[in-house]
1. List pairs: first residue in the stretch 347-360 and surrounded by fewer than 18 Cβ atoms within 10 Å (Cβ to Cβ), second residue not in a loop (DSSP other than H, G, I, E, B) anywhere in the structure, Cβ distance under 9 angstrom, at least six positions apart or on different chains.
2. Considering (1) at pLDDT 85 or above; (2) under 25 Å from V314 (Cβ atoms); (3) not aromatic (F, W, Y), say which one I350 fails and leave the rest.
3. Please verify whether I410 is under 17 Å from the mean Cα position of the chain (by Cα) and either touching a residue at least 24 places away in the same chain (Cβ under 8 Å) or crowded, with 22+ Cβ neighbours inside 10 Å (or both), treating the condition exactly as stated.
4. May I ask you to list the residues in the stretch 285-326 that are among the charged types (D, E, K, R), buried (at least 19 other Cβ atoms within 10 Å of the Cβ) and at pLDDT 80 or above?
5. Of the residues A248, A261, which single one is among the aliphatic types (A, V, I, L, M), buried (at least 18 other Cβ atoms within 10 Å of the Cβ) and touching a residue at least 12 places away in the same chain (Cβ under 8 Å)?
6. Inside the stretch 42-93, can you point out the residues that are among the β-branched types (V, I, T) and in contact (Cβ under 8 Å) with a residue 24 or more places away in the chain?
7. Of all the helices (runs of 4 or more DSSP H) wholly in the stretch 1-92, which have at least 1 residues that are crowded, with 21+ Cβ neighbours inside 10 Å?
8. Collect the residues in the stretch 145-170 that are buried (at least 24 other Cβ atoms within 10 Å of the Cβ) and among the polar types (S, T, N, Q), keeping them in residue-number order.
Amino acid sequence: METELIALILFASVFILILYGYPVAFTLGGLSVIYGLCFLDTSSFEALPSRFMGVLTNYNLIAVPLFIFMGIMLERSGLAERLLETMAMLFGKVRGGLAISVVIVGALLAASTGIVGATVVTMGFISLPTMLKRGYSPELATGSIAASGTLGQIIPPSVALVLLGSIMNINIGDLFAGAVIPGLVLVLAYIVYILIFAQLKPDKAPAIPEEEFKKFREGNFLLKVLNALVMPLLLILAVLGSIFLGWATPTEAAAVGAMGAAILAAFRNKFNRRILEEVCQETTKLTCMVFVILLGATTFSMVFREMGGDRYLVELIETSNLSPAMFLFLVMAVMFVAGFFIDFIEIIFIIVPVVVPIFIKYEVDLLWLGVLIGLNLQTSFLTPPFGFSLFYLKGVAPPNITTGHLYRGIMPFVAMQLVLMALVIAFPELVQLSKLLFSTAN
């Protein structure tokens, strides 16, 4: 059997074993080594240690543990609670105002942490009981919280975009800049949907009573708002502003963000040795998970290419006369369906390295493609049965919130993400405009 076909069997085998529940990192690396030893010359593995060192010494990937540290430290600082309480009162007089406040806070937390799990759990724990108590539809309440928590996948700084930039060999600062406008359009779409829902079904998205709003405005109302908003906005400005203005690389900005998160925690008297140890331990666990998967993916990519799998795929696409648009549709569809079953990190490390050479052959703009893939990966957090945001939210939801509520609640938000993907495909200028507006480094 030709090694090119064996490479495709390797690709399929990895997917099947992952769906059966085998650990991703060891499945990627272990199965690739077995196939390589059986069908390749052992000298093919001589380049593997240098590839590992190339991954481990990749300067851009230092941003991953730093952004993770920043997100976990901010979650422990209580910043999200204050933001949610303040925003809820600011928009509470509007029908659907509580859901709108959740979306805005989700966007702010996305721009300052990029950690989906911490955002969803925090907002679900604080906002969901309040929204249900006010008479909100369980579907709207759960859907808005789960969807807003995933904004950290596309709004910079995003760990997913850092990994995509590294795998696709794209400047991460440009990728961040190109994702800003699509991310903001998605936030706006969520808000418009909530406003329309509230107008059509006012009893399922009521406003906060006037008496409660007056009570919140007692004392120094402006100071309360500033106290809640200034700290996260300063952190966003420090991290994203330094990148977009060309003052710092994404990795350097991640270090600024990690230090800034620790300082904010200290300001709120939430910084001590115990919290620092917990944050460092959690950061180490998540970082190790990402890098072990990355090393397994590096082994898979090497074996797949040594077998000629990438060349075979290019030839297969060329002989099938698929247009670039049709191939793009096929890849996006496969990624979307894969998101029902596997994590975004697995999709990045398994599918992206295989398809990127073909897109390069088609002369596709990789920056635009990276933003598009980022939008697609965001849906993987919401799509059942294995949408991680659904698991996070279900874990903190009251007992009367069923899985059915969660599934029905996220459907409109997934539809909006797909519409935005179609919009970015139809108007790739959105990404270039975003890059021009927010990237002054070049």
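1. From the stretch 347-360, the pairs are P357/R305; P357/D310; P357/R311; P357/L313; P357/V314; I360/L366.
2. Checking I350 against (1) at pLDDT 85 or above; (2) under 25 Å from V314 (Cβ atoms); (3) not aromatic (F, W, Y), the one that fails is (1).
3. On the way: under 17 Å from the mean Cα position of the chain (by Cα): yes; either touching a residue at least 24 places away in the same chain (Cβ under 8 Å) or crowded, with 22+ Cβ neighbours inside 10 Å (or both): yes.
Yes: the conditions hold for I410.
4. First, pick out the residues of the stretch 285-326 that are among the charged types (D, E, K, R): 285, 305-306, 310-311, 315, 318.
Among the residues that remain, those that are also buried (at least 19 other Cβ atoms within 10 Å of the Cβ) are: 306, 310.
Matches in the stretch 285-326: E306 only.
5. Details: A248 fails: touching a residue at least 12 places away in the same chain (Cβ under 8 Å).
Just one listed residue meets the conditions, A261.
6. Step one: filter the stretch 42-93 for residues among the β-branched types (V, I, T), giving 42, 55, 57, 62, 64, 68, 72, 86.
Across the stretch 42-93, the qualifying residues are V55, I62, V64, I68, I72, T86.
7. Numbers: elements: 3-19, 24-39, 48-56, 63-77, 79-90.
Where helices (runs of 4 or more DSSP H) fall fully within the stretch 1-92 and carry at least 1 residues being crowded, with 21+ Cβ neighbours inside 10 Å, they are 3-19, 24-39, 63-77, 79-90.
8. Selection gives S148, T150, Q153, S158.
The values are calculated or read from the model by the stated rules, or taken from the named source; none is laboratory data. All of these numbers come straight from a predicted model, not from anything done at the bench. Glycine also receives a Cβ, built like all others from the backbone with ideal geometry; neighbour counts cover every protein chain displayed.
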